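The values are calculated or read from the model by the stated rules, or taken from the named source; none is laboratory data. As the structure is a computational prediction, the values presented were derived from the model and not from experiment. Methodologically, a virtual Cβ is constructed for each residue, glycine included, from the backbone with ideal geometry; neighbour enumeration extends over all protein chains shown.
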Amino acid sequence: MARVTINEIAKLANVSKSTISRVLNQSGPVSAKTKKAVLTAVERLNYKPNEIARSLALNKTQTIGLIIQDLRNQYYAQACWYAERKLRNLGYTAIICNADNDPSIEESFLTSLRYRNVDGILCIGVQENPMSILNFRSQGDVPLVLIDRLVKGIPVPAVNLDNIYGGQLAADYLLDLGHRRIAFATSDFTDAEHIRLEGFREAFLARGLNPDDLIIVTQSEEEWHKGTCDPLLKVLRQRKPPTAVFASNDYKALWVLRLLRQHQIPVPEEVSVVGYDDIETASVVHPALTTVHQPIDTMINLGANMLISFIKGELEDAPQKILKPWLIERESTRRVL
């Protein structure tokens with residue numbers, strides 16, 4: 001079937017082609033009567049605009065690059081779902097890219113998205129190496145907003161969480177329950193994990209406790225994805241094992257719960273477990289996971305609105321939004337008896 005043209009719509013509506021363009025692109029004033037005539041003709045002819053031609057004419061593609069660090073992690077999958085839906089509701093199509101926790105992959109995506117003429121980019125999640133963002137921002141021709149990521153040295157618009165406060169929340173909660181031998185399970189991969197540990201240590205210091213008593217259990221992200229945690233198992237087999245484990249995110253906390261179950265270590269009777277993020281699975285596992293809630297839906301909403309404001313030329317500075325987390329108490333923790 002041949003594509004309907006603007007000429008045919010103009011003929012049926014008895015208006016000029018420029019009037020058709022003003023109505024379809026909302027680029028100029030037309031009377032209500034004329035607008036109704038044009039839209040009626042569009043509907044009768046089942047007209048579908050040529051999006052490529054429109055994007056060339058307007059220098060807009062109505063697409064947003066959405067870079068996610070690791071879609072295997074439910075936190076990022078959940079963030080991706082929120083972001084795609086938000087952008088869709090704003091009239092944009094998301095091009096979703098999984099960086100796989102690899103700075104070189106992220107940098108290649110940033111380059112590719114620029115060549116695809118996306119209107120802007122949302123980058124969600126932390127990378128250890130900031131050079132891809134620094135290099136991209138130095139060219140400065142595509143609006144970029146970071147969510148759950150802090151890049152020091154250059155002003156990049158971002159929405160972040162107060163992870164110092166989040167680490168303090170988890171520490172204060174466990175200390176109030178009487179725990180003193182606490183393991184911090186992490187990959188030591190991201191600044192967010194470092195900062196959460198820093199907050200945890202500060203809570204120890206504020207109570208006159210020695211932060212060096214905190215047992216740090218570290219293994220790589222890939223080892224966590226394999227579902228093993230031999231360093232934690234070794235700690236749990238010590239003569240004085242920890243009575244609580246604080247995992248640097250919920251993904252790791254779920255693996256900790258699995259490890260404890262495999263070795264018949266009851267939770268929370270012998271070991272309490274606290275996570276960080278409050279992914280959906282946290283509330284449905286058994287026992288349900290106590291965790292620090294990260295309001296990713298609010299962060300996505302703020303970040304997407306910020307990006308669209310940049311695209312429309314309504315923002316010129318680089319705002320930094322910092323949100324506060326809160327603790328959700330569930331079944332995986334209890335007071336030391």
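With respect to residue 191, is the statement that it is within 23 Å of the chain's Cα centre (by Cα), farther than 15 Å from residue 274 by Cα and surrounded by fewer than 20 Cβ atoms within 10 Å (Cβ to Cβ) true? Spell out the reasoning first.
On the way: within 23 Å of the chain's Cα centre (by Cα): yes; farther than 15 Å from residue 274 by Cα: yes; surrounded by fewer than 20 Cβ atoms within 10 Å (Cβ to Cβ): yes.
Yes, satisfied.
Across the stretch 308-336, the number of residues qualifying as over 17 Å from residue 169 (Cβ atoms) and outside any loop (DSSP other than H, G, I, E, B) comes to 6.
Residue-level check: of (1) in a helix (DSSP H, G or I); (2) β-branched (Val, Ile, Thr); (3) at pLDDT 75 or above; (4) within 41 Å of the chain's Cα centre (by Cα), residue 52 misses just (3).
Residues in the stretch 145-156 that are assigned to a loop (DSSP other than H, G, I, E, B) and more than 10 Å from the chain's Cα centre (by Cα): 150, 151, 152, 153, 154, 155, 156. Taken over the stretch 273-292, the criterion of being closer than 16 Å to residue 200 by Cα and in contact with a Leu (Cβ under 7 Å, 6 or more places away or on another chain) is satisfied by 273, 274, 275, 292.
Restricting the stretch 285-337 to residues that are polar (S, T, N, Q) and farther than 25 Å from residue 81 by Cα, the residue that is surrounded by the fewest Cβ atoms within 10 Å (Cβ to Cβ) is 333. The combined condition, being of a type outside the set (A, V, I, L, M, F, W, C), at pLDDT below 90 and within 20 Å of residue 295 (Cα to Cα), is not fulfilled by residue 102.
Selection of the stretch 130-161 for residues being at positive phi and surrounded by fewer than 22 Cβ atoms within 10 Å (Cβ to Cβ) yields 140, 153. Screening residue 27 with (1) modelled with pLDDT under 85; (2) surrounded by 19 or more Cβ atoms within 10 Å (Cβ to Cβ); (3) assigned to a loop (DSSP other than H, G, I, E, B) gives one miss only, at (2). Within the stretch 223-237, the set of residues being surrounded by 13 or more Cβ atoms within 10 Å (Cβ to Cβ) and part of a helix (DSSP H, G or I) comprises 223, 224, 225, 231, 232, 233, 235, 236.
So in the stretch 245-284, with the set limited to residues that are in contact with a Ser or Thr (Cβ under 7 Å, 6 or more places away or on another chain) and more than 22 Å from residue 223 (Cβ to Cβ), which one is surrounded by the fewest Cβ atoms within 10 Å (Cβ to Cβ)? Checked the stretch 245-284; the qualifying residue surrounded by the fewest Cβ atoms within 10 Å (Cβ to Cβ) is 268. Only residues that are within 13 Å of residue 10 (Cα to Cα) and at pLDDT below 80 were counted across the stretch 35-49, and they come to 1.
For (1) surrounded by 15 or more Cβ atoms within 10 Å (Cβ to Cβ); (2) part of a helix (DSSP H, G or I), each residue gets a yes or a no:
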site	(1), (2)
70	yes, no
79	yes, yes
84	yes, yes
88	no, yes
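In summary, strands (runs of 3 or more DSSP E) completely within the stretch 157-222 and bearing 3 or more residues that are touching a residue at least 60 places away in the same chain (Cβ under 8 Å) and closer than 20 Å to residue 253 by Cβ occur at 182-186. Please enumerate the residues belonging to the stretch 173-188 that are more than 26 Å from the chain's Cα centre (by Cα) and within 16 Å of residue 327 (Cβ to Cβ). The answer is 174, 175, 176, 177, 179, 182.
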